[in-house]
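A.B. asks: Pasting a structure here, questions to come.
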């Protein structure tokens, strides 16, 4: 895709579409979970991008929960949860 058509594509996208794309790019996939579980910057970015999607979907309570989670990662009041595959078996 050329620079011009890429720019036109971005300009024609809605704010929600752009936020969803950013959230998808910043999401921590199961493949990357072990590598990034303690990366506070990556965790906060993921939470803030998700918050923006909720805010644009007119869900302020959900957005605020993710904003608070991002703040927790940045101020170190949140710690990574244990790996779902290594936790106690139900």
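The values are calculated or read from the model by the stated rules, or taken from the named source; none is laboratory data. From a predicted model like this one, the values you see are computed outputs, not experimental measurements. Heads up, the Cβs are rebuilt from the backbone with ideal geometry, glycines too, and the neighbour counts pull from every protein chain shown.
A.B. asks: Please state which of the following conditions residue 81 fails to meet, knowing it meets all the rest: (1) modelled with pLDDT of 95 or more; (2) over 24 Å from residue 19 (Cβ atoms).
C.D. replies: Going through (1) modelled with pLDDT of 95 or more; (2) over 24 Å from residue 19 (Cβ atoms) one by one, residue 81 breaks only (1).
A.B. asks: Same structure, new question: Would you mind stating whether residue 28 is modelled with pLDDT of 90 or more and either part of a loop (DSSP other than H, G, I, E, B) or surrounded by fewer than 13 Cβ atoms within 10 Å (Cβ to Cβ) (or both)?
C.D. replies: yes
A.B. asks: List the pairs whose first member sits in region 1-21 and is surrounded by 10 or more Cβ atoms within 10 Å (Cβ to Cβ), whose second member is in a loop (DSSP other than H, G, I, E, B) and modelled with pLDDT under 70, and whose Cβ atoms are under 9 Å apart, counting only residues at least 6 apart or on separate chains?
C.D. replies: 9/1
A.B. asks: Restrict the check to region 41-63 and report whether at least one residue is in a loop (DSSP other than H, G, I, E, B), touching a residue at least 12 places away in the same chain (Cβ under 8 Å) and farther than 19 Å from residue 83 by Cα. Before you say what the answer is, go through the steps one by one.
C.D. replies: Let us first name the residues in region 41-63 that are in a loop (DSSP other than H, G, I, E, B), namely 57-59.
When the remaining residues are screened for being touching a residue at least 12 places away in the same chain (Cβ under 8 Å), the result is 57.
Okay, now just the ones that are also farther than 19 Å from residue 83 by Cα, so 57.
Yes, because at least one residue in region 41-63 is in a loop (DSSP other than H, G, I, E, B), touching a residue at least 12 places away in the same chain (Cβ under 8 Å) and farther than 19 Å from residue 83 by Cα.
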